[in-house]
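Chemist: Mind having a look at this structure? Questions to follow.
The values are calculated or read from the model by the stated rules, or taken from the named source; none is laboratory data. Remember, it's a predicted structure, so these values are computed and weren't measured experimentally. Backbone-built Cβ (ideal geometry, glycine too); neighbour counts: all protein chains shown.
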Amino acid sequence: MAKVPQQTVEVVVDKLGAHGDGVASADILGRRQNLFIAGALPGERVVAETVAKRGDGLVANLVDILQSSADRAEPGCRLFETCGGCALQHLGTQAYAMWKRERVAQALRQRGFDAPPVLEPVLIGEGTRRRVTFTALKRAKHVTLGFNARSSHDIVAVDHCPLLDDALNALIAPLSEALHGILDDGARARINVTACENGADVLIEGNASPDLKAREALAVFVQNTPSVRVAWKEEGLAAEPIAQVAVPLVYLSGVPVELPSGTFLQASVEGEHAIRDAVLAGVGADAARVADLFCGLGSFSIPLAQQAIVTAADAVEAPVRALERAAGRAGLGGRVVAQVRDLSRQPFDEAELSKFDAVVFDPPRAGAADQVRYLAESRVPRVVAVSCNPATFARDARTLVDGGYRLLAVQPIDQFTYSAHIELVAHFTR
């Protein structure tokens with residue numbers, strides 16, 4: 001962000017922006033401009049100081065609250081004002097839920113849905129996150145491990161995060177200690193940690209491949225902590241397992257599934273179950289043949305296979321093969337037909353879609369525009385969309401509805417607590 005001359009202004013906050021910042025406007029640098037003020041809430045009169053340019057407005061630091069909102073809450077974490085991990089701890093629960101719901105409804109209204117059927121969000125809450133990405137920096141023989149500060153590359157050190165489950169919090173101290181013998185002075189790394197059923201899975205994203213001393217330190221870390229694998233990933237290369245005592249396992253609807261290094265997994269068990277239950281409700285109990293597109297590890301394929309023959313497809317081979325193996329061990333091998341297929345380049349066409357009673361799709365943030373065009377032309381009776389991006393979901397929903405589908409309901413699910421992110425499950429019918 002480009003710096004601007006500092007100017008102190010008194011403003012009334014109009015709304016919360018897409019990032020959870022308070023949005024106000026003021027005459028600055030000769031014209032009316034939007035101000036994005038972290039920590040400010042709608043209706044509040046505040047004093048703010050401009051610090052940088054962002055998009056079509058200016059970032060401003062909150063200096064003082066002259067008149068506070070009735071929706072303001074006391075943040076539960078002492079690091080809230082500096083850590084960039086959370087944006088909305090200062091917002092009361094009811095107003096927070098309303099804002100999350102409105103984010104989804106507004107995205108749909110922008111695509112022409114006048115009265116979008118958006119339900120009250122499911123709030124997952126604190127202490128549930130089973131995966132996390134830390135940033136680590138070694139400088140002058142000291143390692144700082146934590147999260148990026150707000151709008152900065154500085155790192156806020158953490159020794160406990162209220163969002164994480166106990167297993168992840170317990171690893172912060174030993175992980176920080178181990179990094180002393182692993183990182184070179186001045187080195188920066190991203191540390192991805194997933195709490196699995198049989199221990200933690202750690203993936204370190206760094207520059208140079210670790211030397212012998214670092215590899216020995218990682219082996220000691222795995223032996224002395226409740227972790228089962230540490231892998232290292234250089235930019236542009238596949239992850240390399242460094243030390244492993246067991247294959248990391250996660251349970252999807254009671255079925256053990258091997259977790260390939262770096263594979264996407266829902267952020268919490270509770271969130272996964274909420275999304276799964278909404279998907280099953282949208283598919284219905286009478287669907288005999290279902291397609292699970294962008295299937296990943298099979299969070300939906302496995303429970304759907306209890307009632308239907310499932311065709312599962314995704315572009316990344318490792319999770320698809322893990323799903324195949326898990327389904328075979330669970331006696332579902334004949335009910336889950338998995339294939340590696342890039343659905344953005346080779347979407348299922350009308351002929352392929354015609355055999356399904358329902359289709360589920362859960363694409364990356366960019367959405368599934370190519371696949372949805374074929375769906376809109378198909379005769380599939382029921383479609384269930386899962387999304388982590390309201391904007392691309394609304395675009396895809398518009399395509400489906402213009403093709404003859406009806407949007408029945410949209411269920412927001414908030415497992416990224418206190419952040420601006422929101423996930424959703426939507427039900428469509430012909």
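Chemist: Return the only residue of Glu324, Glu350, Glu235 being of a type in the set (D, E, K, R), without any contact (Cβ under 8 Å) to a residue 60 or more places away in the chain and not assigned by TED's automatic domain parsing to the domain that holds His421.
Modeler: Criteria check complete, one pass: Glu235.
Chemist: Output the number of the condition that Pro390 fails; it satisfies all remaining conditions of (1) more than 19 Å from Asp314 (Cβ to Cβ); (2) surrounded by fewer than 23 Cβ atoms within 10 Å (Cβ to Cβ); (3) not small (Gly, Ala, Ser).
Modeler: (2)
Chemist: Taking Thr417 as the residue in question, decide whether it is in contact with a Gly (Cβ under 8 Å, 6 or more places away or on another chain) and assigned to a loop (DSSP other than H, G, I, E, B).
Modeler: Yes.
Chemist: Among the residues that make up segment 303-313, is at least one of them within 23 Å of Asp201 (Cα to Cα) and modelled with pLDDT of 95 or more?
Modeler: Within segment 303-313, not a single residue is within 23 Å of Asp201 (Cα to Cα) and modelled with pLDDT of 95 or more.
Chemist: Return the only residue of Val360, Val384, Val380 being modelled with pLDDT of 95 or more, more than 24 Å from His273 (Cβ to Cβ) and not in a helix (DSSP H, G or I).
Modeler: Of Val360, Val384, Val380, the one residue that is modelled with pLDDT of 95 or more, more than 24 Å from His273 (Cβ to Cβ) and not in a helix (DSSP H, G or I) is Val380.
Chemist: Test Phe393 against the stated conditions and say whether it is over 28 Å from Val257 (Cα atoms) and hydrophobic (A, V, I, L, M, F, W, C).
Modeler: Criteria met by Phe393.
Chemist: Then there's this: Of all helices (runs of 4 or more DSSP H) completely enclosed by segment 250-353, which ones contain at least 3 residues that are touching a helix residue (DSSP H, G or I) at 6+ places or on another chain (Cβ under 9 Å) and crowded, with 20+ Cβ neighbours inside 10 Å?
Modeler: Where helices (runs of 4 or more DSSP H) fall fully within segment 250-353 and carry at least 3 residues being touching a helix residue (DSSP H, G or I) at 6+ places or on another chain (Cβ under 9 Å) and crowded, with 20+ Cβ neighbours inside 10 Å, they are 269-283, 301-304, 317-329.
Chemist: Kindly list the number of the only condition in (1) aromatic (Phe, Trp, Tyr); (2) outside the structural domain of Ser387 (by TED's automatic domain parsing); (3) farther than 21 Å from Pro42 by Cβ that fails for Phe113.
Modeler: Condition (2) is where Phe113 drops out.
Chemist: From the residues in segment 273-305 that are without any contact (Cβ under 8 Å) to a residue 40 or more places away in the chain and out of contact with any Phe, Trp or Tyr (no Cβ under 7 Å at 6 or more places or on another chain), which one is nearest to Ser419 (Cα to Cα)?
Modeler: Filtering first and then ranking leaves His273.
Chemist: Let me ask something additional. Which residues, counting only those in segment 20-41, are touching a residue at least 12 places away in the same chain (Cβ under 8 Å) and exposed (fewer than 14 other Cβ atoms within 10 Å of the Cβ)?
Modeler: Leu29
Chemist: Which of the residues belonging to segment 333-351 are more than 25 Å from the chain's Cα centre (by Cα) and at pLDDT 95 or above?
Modeler: Arg335, Val336, Val337, Gln346, Phe348, Asp349, Glu350, Ala351
Chemist: For segment 166-184, name all the residues that are buried (at least 18 other Cβ atoms within 10 Å of the Cβ) and out of contact with any Asp or Glu (no Cβ under 7 Å at 6 or more places or on another chain).
Modeler: Leu168, Asn169, Leu171, Leu175, Ser176, Ala178, Leu179, Ile182, Leu183
Chemist: Being under 24 Å from Gly112 (Cβ atoms), under 24 Å from the mean Cα position of the chain (by Cα) and part of a helix (DSSP H, G or I) is true for just one of Ala397, Ala409, Ala366. Which residue is that?
Modeler: Only one candidate qualifies: Ala397.
Chemist: Considering segment 43-84 alone, what residues qualify as being assigned to a loop (DSSP other than H, G, I, E, B), crowded, with 21+ Cβ neighbours inside 10 Å and in contact with a Lys or Arg (Cβ under 9 Å, 6 or more places away or on another chain)?
Modeler: Result: Glu44, single match.
Chemist: Follow-up. Assess whether Thr417 counts as being in the same structural domain as Arg103 (by TED's automatic domain parsing), touching a Ser or Thr at 6+ places or on another chain (Cβ under 9 Å) and of a type in the set (S, T, N, Q).
Modeler: Judged against the criteria, Thr417 is a match.
Chemist: Here's a follow-up. Quick one: count up the residues across segment 22-42 that are out of contact with any Gly (no Cβ under 8 Å at 6 or more places or on another chain) and in a loop (DSSP other than H, G, I, E, B).
Modeler: Count: 2.
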